[in-house]
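I have placed the structure first, in the form of structure tokens, so that the comments after it can refer back to it.
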Amino acid sequence: AEEVGGGDKEVVREYFNNSGFQRWRKIYGDTDDVNRVQKDIRVGHSKTVENALKMLADDVPLRGVTVCDAGCGTGSLSIPLAKEGAVVFSSDISAAMVAEAEKQATEQLAGLENVSIPKFEVKDLESLDGKYDTVVCLDVLIHYPQSKADGMIAHLASLAENRLILSFAPKTFYYDLLKRVGELFPGPSKATRAYLHAEADVERALKKVGWRIRKRGLITTQFYFARLVEAVPA
Ligand code: SAM
């Protein structure tokens with residue numbers, strides 16, 4: 001059987017260690033050197049992070065809760081989670097991303113009381129192990145087709161004791177159209193290709209491993225679309 005991720009994964013890793021790293025570090029940062037589309041994606045993504053934090057802190061205080069941030073990027077979620085007192089395990093397939101996240105976390109968190117700096121690791125999510133109260137994976141599935149996403153979702157669920165929070169680009173007509181127009185993800189490279197996921201497919205993948213969706217959110221700006229779901233053991 002083909003390894004989960006397969007060839008796509010190598011291309012994605014390469015992209016996020018090089019041009020993708022430069023591009024997304026800028027989008028996730030706060031400098032002015034972004035174009036209109038990048039600015040819009042920055043705003044949309046920050047809403048996803050904000051909504052995920054809200055979902056996470058909803059019913060239980062985060063202090064002391066173990067959270068695995070799979071595909072942590074530059075630490076957009078890991079850093080505020082650590083500020084809330086969560087015990088955060090952050091990992092990413094890209095060494096460049098992990099180095100940047102670690103740098104930012106150290107700058108922003110050092111010296112804060114009752115805050116532990118996340119534990120960073122260069123690792124693809126398929127090779128993560130251990131158990132965490134909560135597993136979060138934001139805007140990563142967009143890089144993989146549903147055939148790979150099923151296995152990734154199953155693996156993430158197996159690491160989580162209580163909750164799994166996922167975001168993905170929903171397969172809707174409008175988003176499909178934008179994708180076809182090519183405004184969002186130009187270029188022939190596989191890594192810039194965006195894979196959309198039908199909510200029903202994600203729900204089915206969760207159901208197969210005994211999980212159900214408890215909360216849903218939808219984040220949209222002009223060029224950014226994300227479905228956010230919180231799943232729990234059924
Ligand atoms: N989750 C972060 C956030 O929302 O700020 C980053 C999102 S960024 C669009 C996608 C990230 O997923 C990149 O940092 C990339 O390196 C990482 N990634 C892609 N495939 C991965 C995999 N198989 N395992 C772990 N990380 C992966």
Output yes when any residue across the stretch 34-53 is of a type in the set (D, E, K, R) and under 13 Å from MET97 (Cα atoms), and no when none is. no
Unique match (being on the phi > 0 side of the Ramachandran plot, at pLDDT 95 or above and more than 17 Å from the chain's Cα centre (by Cα)) among GLY71, GLY64, GLY75: GLY64
Within the stretch 43-52, track down each residue that is within 12 Å of the ligand (Cβ to nearest atom), open to solvent by 40 Å² or more (accessible area, probe 1.4 Å) and not polar (S, T, N, Q). LYS47, GLU50
For the stretch 150-234, list the strands (runs of 3 or more DSSP E) that sit wholly inside it and hold at least 3 residues that are open to solvent by 70 Å² or more (accessible area, probe 1.4 Å) and at pLDDT 95 or above; which are they? 211-220
Within the stretch 73-96, of all residues that are open to solvent by 10 Å² or more (accessible area, probe 1.4 Å) and of a type in the set (A, V, I, L, M, F, W, C), the one farthest from the ligand (Cβ to nearest atom) is VAL87
Test ASP69 against the criterion of being open to solvent by less than 60 Å² (accessible area, probe 1.4 Å), touching a residue at least 60 places away in the same chain (Cβ under 8 Å) and more than 10 Å from the ligand (Cβ to nearest atom), and give yes or no. no
Answer with yes or no whether ALA57 is in contact with a Pro (Cβ under 6 Å, 6 or more places away or on another chain), under 30 Å from ASP133 (Cβ atoms) and either more than 12 Å from the ligand (Cβ to nearest atom) or of a type outside the set (Gly, Ala, Ser) (or both). no
Does SER116 meet the test of being within 15 Å of the ligand (Cβ to nearest atom) and either surrounded by 20 or more Cβ atoms within 10 Å (Cβ to Cβ) or small (Gly, Ala, Ser) (or both)? no
Scanning the stretch 124-134 residue by residue, those surrounded by 17 or more Cβ atoms within 10 Å (Cβ to Cβ) and within 12 Å of the ligand (Cβ to nearest atom) turn out to be ASP124, LEU125, LEU128
I want to confirm something. Restricting to the stretch 1-42 and keeping residues that are small (Gly, Ala, Ser) and open to solvent by 50 Å² or more (accessible area, probe 1.4 Å), which single residue is modelled with the highest pLDDT? SER19
Give me a count of the residues in the stretch 122-149 that are in a loop (DSSP other than H, G, I, E, B) and either on the phi < 0 side of the Ramachandran plot or more than 13 Å from the chain's Cα centre (by Cα) (or both). 10
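Every residue, every condition in (1) free of Cβ contacts under 8 Å to residues at least 60 places away in the same chain; (2) more than 19 Å from TYR224 (Cα to Cα); (3) touching a Leu at 6+ places or on another chain (Cβ under 7 Å), yes or no:
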position	(1), (2), (3)
ARG13	no, yes, no
ASN17	no, yes, no
LYS26	yes, no, no
GLY29	yes, no, no
VAL34	yes, no, no
GLY44	no, no, no
THR48	no, no, yes
ALA52	no, no, yes
All but one of (1) modelled with pLDDT of 95 or more; (2) more than 9 Å from the ligand (Cβ to nearest atom); (3) buried (at least 17 other Cβ atoms within 10 Å of the Cβ); (4) assigned to a helix (DSSP H, G or I) hold for ALA99; state the number of the condition that does not hold. (3)
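The values are calculated or read from the model by the stated rules, or taken from the named source; none is laboratory data. All values derive from a computational prediction rather than experimental measurement. Using ideal geometry, Cβ is built from the backbone for each residue, glycine included, and neighbour counts are taken over all protein chains shown. Just the protein is used for accessible areas: all its heavy atoms, side chains included, with ligands, DNA and RNA removed. Shrake-Rupley method; radii C 1.70, N 1.55, O 1.52, S 1.80 Å.
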